[in-house]
Amino acid sequence: MMTNLYQSKVLENKQVNQKFHQLKFKLQGDTFAFQTGQFVVLKVGEDLYRDYSLASTPQALPQWEIVVDVTPGGPGTTYLKQLKPGETVETTSPRGVFTLQEDGAETVILGATGCGISPLKPMIEELLSGSEKKKVCLFWGLRYGSEIFLEDILGKWQKDYPNFDFKIVLSKPEAGWEGESSHVTECVIEMVGKSSKDKTSVYLCGSSEMVYDVRESLAKIDFPHDKIYFERYF
Ligand SMILES: Cc1cc2nc3c(=O)[nH]c(=O)nc-3n(C[C@H](O)[C@H](O)[C@H](O)COP(=O)(O)OP(=O)(O)OC[C@H]3O[C@@H](n4cnc5c(N)ncnc54)[C@H](O)[C@@H]3O)c2cc1C
């Protein structure tokens, strides 16, 4: 049983496509603090909890957001899918060590699969608004084109910030897809190959399979393991 839970009201529960929902909340009463990249433990039933990364920056508090892949269909996603504006949820304060690091990197490569984009989006926002003009590159792996969302904001950042680039990588693209069709691992490795290894850091979030593959491939090219930061969801 978790104690010291924070209460938040649901502001919005938007189904963006068959796979993803974006949920917005507003803290009621006590406010928590957090670092971009952290997650909350959310009560989804009687003594039942699931972890969700904060998809917004601390500047947005007392409002905060999550991105949920609703396809697993277990208690967590079933609970979140049906939440209505005005209802109250309970969470712990944010936790976790997957946060931006001051490691001297001049190039930051971010790799996500599916809802792993969630903590990376506010990390990118923070990197782009910072005074250091680091090169920031995102590779986001999805299966189908129908799962794509957030391309408006990612496209806007690409236009506004010459130091930001992103690629959506589809593993099962429909006919006519003209973008990247491979896996996040290959894209990250190729990008690392074009960068100076001692001035680059890599942030990974999503499936254990992707995190494992990228870490193994980076080890083979002697990329420093302490410059790889990751969060595994399942
Ligand atoms: C630190 C952390 C942060 C997380 N942040 C997010 C987040 O921001 N958004 C989000 O949607 N999920 C996130 N997750 C996953 C989330 O906690 C739940 O596991 C997920 O929502 C499924 O919960 P469930 O109760 O519906 O299914 P469960 O009954 O718990 O799981 C059903 C099955 O689905 C698998 N599974 C879980 N997630 C996925 C997935 N995305 N794709 C395919 N299979 C999956 C589980 O391993 C299990 O085998 C995070 C996990 C961790 C550890």
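None of the figures in this text is laboratory data; all of them are computed from the coordinates on show. Everything numeric here is computed off the predicted structure, so don't read it as measured data. Heads up, the Cβs are rebuilt from the backbone with ideal geometry, glycines too, and the neighbour counts pull from every protein chain shown.
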Which FRET efficiency value, to the nearest 0.05, do you get for M1 and L27 by plugging their Cβ-Cβ distance into 1/(1 + (r/R0)^6) with R0 = 25 Å? 0.70
Rounded to 5, the percent of DSSP beta bridges in the chain classed as antiparallel: 50 percent
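By counting other Cβ atoms within 10 Å of each Cβ, how are L120, L83 ranked from fewest to most?
With the sparsest Cβ surroundings first, the list reads L83, L120.
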Would you mind getting me the FRET efficiency between V16 and E186? Use the beta-carbon distance for r and R0 = 25 Å, nearest 0.05. 0.40
Contact order relative to length of segment 107-232, as percent, for alpha carbon pairs under 8 angstrom and 6 or more apart: 30 percent
Non-local amide H neighbours of L138 (under 5 Å, H modeled in plane, Pro and chain starts lacking H): which ones? L110, D165, F166, K167
For the pair Q59/D226, report the inter-label distance in nm, with labels modelled 7 Å from Cα in the Cβ direction. 3.1 nm
If I148, I189 are placed from fewest to most neighbouring beta carbons inside 10 Å, the sequence is I148, I189
Phi to ³J(HN,Hα) by Karplus 6.51 cos²θ - 1.76 cosθ + 1.60 over segment 210-227, Hz, x for Gly, Pro: 5, 4, 4, 4, 5, 4, 5, 5, 5, 4, 5, 9, 6, 6, x, 5, 7, 10
Would you mind calculating the relative contact order of the chain from Cα pairs under 8 angstrom and at least 6 residues apart, reporting the percent as a whole number? 19 percent
Charge-dipole axis of the chain as Lys and Arg at +1 and Asp and Glu at -1 on Cβ define it, positive-most pick from I148, Q18, I109: Q18
Extended-chain gain in nm, criterion 0.36 nm per residue less alpha-carbon gap, K197 and A219: 6.7 nm
Which order do peptides 54-66, 215-227 fall in by mean Cβ count within 10 Å, highest first? 54-66, 215-227
Enumerate the amide H contacts of A55 below 5 Å, restricted to partners 5 or more residues apart or on another chain; note that Pro and chain-start residues carry no placed amide H. E65, I66, V67
If the label point sits 7 Å along Cα→Cβ of T78, residues of segment 23-63 with amide N under 18 Å come out as 42-51
Short version: ³J(HN,Hα) in whole Hz for each residue of segment 159-172, in order, from phi by Karplus 6.51 cos²θ - 1.76 cosθ + 1.60 (θ = phi - 60°), x for Gly and Pro, what are they? 6, 7, 10, x, 8, 10, 9, 8, 9, 8, 10, 9, 8, 10
Check which residues have an amide H placed less than 5 Å from F230's amide H, if you skip close sequence neighbours. L204
Going by C-beta contacts inside 10 Å, put S93, S201 in order with the fewest on the left. S93, S201
